[in-house]
DNA sequence: TTGATTGTTACCGG
DNA sequence: TCCGGTAACAATCA
């Protein structure tokens with residue numbers, strides 16, 4: 001693919017499909033590990049993740065921006081490349097593998113200014129070494145919005161999704177309906193630290209695992225979370241309440257997670 | 001065929 | 001300005 005990217009038309013609609021070169025490993029939350037890609041003849045110099053947003057950086061200050069959204073998927077296979085399945089928006093190829101990106105929420109080439117604007121509107125990413133937790137704390141402690149909703153706001157804190165928010169708040173014994181203003185500094189610190197801990201496990205295992213004692217690959221998905229989708233609390237055996245927050249279902253144990 | 005879903009953004013009204 | 005509510009969009013599977 002030395003000639004760089006080629007614009008195609010995806011099978012099901014008029015969105016452009018890019019073809020480049022890459023060596024890639026998918027992981028949860030849309031994060032990507034190291035790779036190499038070519039766009040317009042330019043070599044990819046880095047793949048950065050900011051929360052759930054991915055930036056494939058190229059020379060000439062351009063970046064391919066990918067956000068998988070709720071339905072986007074990476075599909076990796078060995079060469080020879082199979083026929084694209086479904087709505088493939090990007091096809092990345094190496095000498096031995098092909099990675100198709102299906103149905104991403106965002107799929108666009110950004111210039112330096114646009115990339116900077118994107119990063120600026122995303123809150124501190126718990127998995128980034130340069131994350132500024134104080135930014136998240138200031139937003140939370142000044143807001144009367146429920147903590148379960150604030151954790152879903154990617155401009156407040158980036159990286160946590162719908163499953164992780166229920167799991168983190170249960171692990172830290174904080175009810176999702178607790179207003180941000182009622183969260184103490186210690187509570188915030190524990191939320192942040194647990195998010196760092198759990199998301200790092202997610203990257204390592206390529207799965208959402210929030211049960212401390214979860215056995216490796218053998219364990220089934222249901223056994224990897226404490227509370228999400230469950231009816232009884234694994235700690236006290238009491239009933240789990242389920243309600244909507246930020247238009248998504250959230251789970252909590254009223255006994256273990258008192259509302260402050 | 002229907003409904004649900006590991007997500008985000010835009011827009012409107014209070 | 002903040003906040004809640006709604007809709008739109010996306011792909012796949014049970």
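Ranking request for peptides A:189-198, A:161-170: highest mean number of other beta-carbon atoms within 10 Å first, then the rest in descending order.
Final packing ranking: A:161-170, A:189-198.
At residue A:134 and residue A:45, where each label point lies 7 Å from the Cα along Cα→Cβ, what is the point-to-point distance in nanometres?
Modelled inter-label distance: 3.0 nm.
Counting every Cα pair in the range A:75-189, what percent are over 22 Å apart?
Taking all Cα-Cα pairs of the range A:75-189, the fraction more than 22 Å apart is 51 percent.
For the range A:149-260, divide the Cα radius of gyration by the Kirkwood radius and give the resulting Rg/Rh value with two decimals.
For the range A:149-260, the value is 0.94.
Taking the beta-carbon count within 10 Å as an exposure proxy, list A:210, A:45 from fewest neighbours to most.
A:45, A:210
I need the peptides A:85-91, A:153-159 ranked by packing, meaning the mean over residues of other C-beta atoms within 10 angstrom, with the highest value on top.
Highest mean packing first, the order is A:153-159, A:85-91.
Express in nm, to one decimal, how much length is gained between residue A:205 and residue A:71 on full extension, taking 0.36 nm for each residue of separation and deducting their alpha carbon distance.
Separation in residues times 0.36 nm, less the Cα-Cα distance, equals 46.2 nm.
Need one number: nm distance between label points at residue A:120 and residue A:185, each 7 Å from Cα along Cα→Cβ, rounded to one decimal.
The two pseudo-label positions are separated by 3.0 nm.
For a footprinting-style exposure proxy, rank A:256, A:233 by other Cβ within 10 Å, fewest first.
A:256, A:233
Rounded to the nearest 0.05, what FRET efficiency is calculated for residue A:61 and residue A:96 with R0 set to 35 Å and r the Cβ-Cβ distance?
Efficiency for this residue pair is about 0.75.
For residue A:236 and residue A:83, compute 0.36 nm times the residue count separating them, minus their Cα-Cα distance, and round to one decimal in nm.
Stretched fully, the residue A:236-residue A:83 segment lengthens by 50.0 nm.
For the ranges A:139-150, A:121-132, A:47-58, what's the packing order if you count other beta-carbon atoms within 10 Å of each residue, average per peptide, and put the highest first?
Result, highest mean first: A:47-58, A:139-150, A:121-132.
Take A:241, A:204 and order them by how many other Cβ atoms sit within 10 Å, fewest up front.
Listed from fewest to most nearby Cβ atoms, that is A:204, A:241.
Each reported figure results from applying straightforward, stated rules to the coordinates on display, with no laboratory input. From a predicted model like this one, the values you see are computed outputs, not experimental measurements. Every residue, glycine among them, receives a Cβ derived from its backbone with ideal geometry; neighbour counts consider all protein chains shown.
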